[in-house]
Amino acid sequence: MDDCIALILGGGAGTRLFPLTQVRSKPAVPLAGKYRLIDVPVSNCINSGVDKIFVLTQFNSASLNNHISTYRFDRYRRGFVTVMAAEQTRTSLEWFQGTADAVRQSIPHFSVHRHEHVLILSGDQLYLMDYRKLMAHHKKHAAAVTIATIPVTTEEATQFGILKTDAEHRVTEFYEKPQDLTGKESPVPGNMARAGRTYLASMGIYVFNSKLLIDTLDSRPGDHDFGKQIIPDAIGRLSVVSYPFNGYWSDIGTIRSFFDANLMLTGIAPRFELRNAAMPLFTNARMLAPAVLAKARVTGSLISEGSIIGRSTITNSIVGIRSRIGDGVVIKRTIVMGADDYPHHSHETRQRIEGPSQPGVGDNVCIEGAIIDKNVRIGEGCIIRNTLGVQEKDGENYYIRDGIVVIPKNVTIQPGTII
């Protein structure tokens, strides 16, 4: 993989993930209590031997930049993970206008590094993939462009770019989020067909021959998006190949998809394996103390390091780093993202001064079906469970999206509050 560089797209404003993207970009959203979404593609790259990695950012990128800076390669390797932020130059006064435009504007930065192939990835997906197999498939079929694809059902197909291929994986047709699926099925493995997954969806993961990519982007300055413009134009004109992927993959585009993907990880044998020794998930090494459970009852949950949990009951939930949960608390199907500092430390001595002085969950609180962002204080006696089944609402210091109550970062919920 020495002839390959990776470009990870930081995404747009992330409006469908609001309020988790209120003060951070999509790839910087916490995952599984201790990681961030950006750790997934970066880890896949490192595990696949791709060690020249660029992360293209634009919106709310401060926390993402800070997290990316924790990736350091040793002095005996020439690899790096670096941020390329949108910038105004003498040749372009525009910010990134889309996925293809983001890559186009970054050409002067990555083209100085020796490479023959460009791997383009999304920064807000959950999956494990060995890109060496993807690259081998690309070279075996002498492709100009390879698109990673995954079989999906009829219900899912309208949300993705759908491809049709021949028996040799050559892409013959492409439809961006088609509403009419008539005649758009593609050859898939028998077990997938029996499960009703008869459509091939683009995963937004591409391999381009480098010179071709640069020439294409230069010659089509008005094309800003890969899925809507660059890929459809390449089909029929160039050798475009599908790389079928049958593992777990989730596009973290909405509050519901984020919520479901996280809670899936609490199972004993989750579809996405956090404990894969061959494909470990890397992140910032914080050197935190082990979690403390004082007579807590925990079932089917992930408890992150640095947490202190009192006499409480936690079921099918995720408790993030440095969480402080009091006595008499009941938490079900909830993501508690934790805190940036230990809550029991003096507010005056912490490195960060944002948020309440004592973040955490107070005594006798009930939380069910919610996302509690970082540095949040839930006062004593609060009930957060959306018993009325409200689907969408903007409340005081809370939001409801897809029926899930979301408490934004750094907020205090007063004691006795019922949501």
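The values are calculated or read from the model by the stated rules, or taken from the named source; none is laboratory data. What you see is a predicted model, and the numbers here were worked out from it, not measured in a lab. With ideal geometry, Cβ positions are generated from the backbone for all residues, glycine too; neighbour counts draw on all protein chains shown. We work out accessible area using only protein heavy atoms, side chains counted, and drop any ligands, DNA or RNA first. Shrake-Rupley method; radii C 1.70, N 1.55, O 1.52, S 1.80 Å.
Scaled against the 2.2 N^0.38 Å expected of a compact globular protein of N residues, the Cα radius of gyration of the range 155-218 reads 1.28.
For the range 168-180, 3J(HN,Hα) computed residue by residue from phi via the Karplus equation (6.51, -1.76, 1.60; θ = phi - 60°) reads 9, 6, 6, 7, 9, 8, 9, 10, 8, 6, x, 8, 9 Hz, glycine and proline entered as x.
Here is the tail figure for the chain: Cα pairs spaced more than 42 Å apart come to 17 percent of all pairs.
Radius of gyration (Cα atoms) of the range 299-419, expressed as a multiple of 2.2 N^0.38 Å: 0.97.
Peptides 15-26, 179-190, 327-338 ranked from most to least packed, by the mean per-residue count of other Cβ atoms within 10 Å: 327-338, 15-26, 179-190.
The coefficient of translational diffusion for the range 179-301, derived via Stokes-Einstein from the alpha carbon Kirkwood radius under 10 °C and 1.306 mPa s, stands at 82 µm²/s.
Rounded to the nearest 500, the helix-only mean residue ellipticity at 222 nm of the chain stands at -4500 deg cm²/dmol, with each DSSP H run of n ≥ 4 adding -39,500 (n - 2.57). Here the label points at residue 275 and residue 109, each 7 Å from Cα along the C-beta direction, are separated by 3.9 nm in the simple model. Here the extension length gained between residue 167 and residue 75 equals 28.6 nm, from 0.36 nm per residue of separation less the Cα-Cα distance. Evaluated with a Cβ-only charge set (Lys, Arg +1; Asp, Glu -1), the range 110-251 carries a dipole of roughly 480 debye about its Cα centre, given to the nearest 20.
In the range 280-369, inverting the average of 1/r over every pair of distinct C-alpha atoms gives 13.4 Å as the Kirkwood radius.
Quick one: compute the contact order of the chain, relative version, from alpha carbon pairs under 8 angstrom and 6+ residues apart, as a percent. Dividing the mean separation by the residue count of the chain yields 13 percent. Cross-link pairs exceeding 28 Å between alpha carbons, from the set 164/393; 52/409; 34/211; 140/184; 26/140; 177/409: 164/393; 52/409; 34/211; 26/140; 177/409. Solvent exposure of the chain amounts to 44 Å² per residue of accessible area, where only protein heavy atoms count and the probe is 1.4 Å. Quick one: Debye curve from the C-alpha atoms of the range 78-217, no solvent, what's log10 I(q)/I(0) at q = 0.10, 0.13, 0.16 Å⁻¹? So the normalised log intensities work out to -0.42, -0.69, -0.98.
For residue 384, the residues whose amide H sits under 5 Å from its own are 366, 367, 368, 419, ignoring neighbours fewer than 5 places away on the same chain, with H placed 1.01 Å from N. Dividing the mean sequence gap of close Cα pairs (under 8 Å, 6+ apart) by how many residues the range 234-333 holds gives a relative contact order of 18 percent. With R₀ set to 60 Å, the beta-carbon distance separating residue 233 from residue 327 gives a calculated FRET efficiency near 0.45. With coordinates expressed along the principal axes, the C-alpha atoms belonging to the range 116-172 extend over 37, 29, 15 Å, beginning with the largest. Taking a ≥ b ≥ c as the square roots of the eigenvalues of the Cα gyration tensor, the range 265-321 is oblate, since a/c reaches 1.5 or more and a/b is not larger than b/c.
Here the alpha carbons of the range 3-69 define both size measures, Rg and Dmax, at 12.1, 39 Å. In the calculated pair distance distribution of the range 349-419, what percentage of Cα-Cα distances lie above 13 Å? Percent of Cα pairs beyond 13 Å in the range 349-419: 62.
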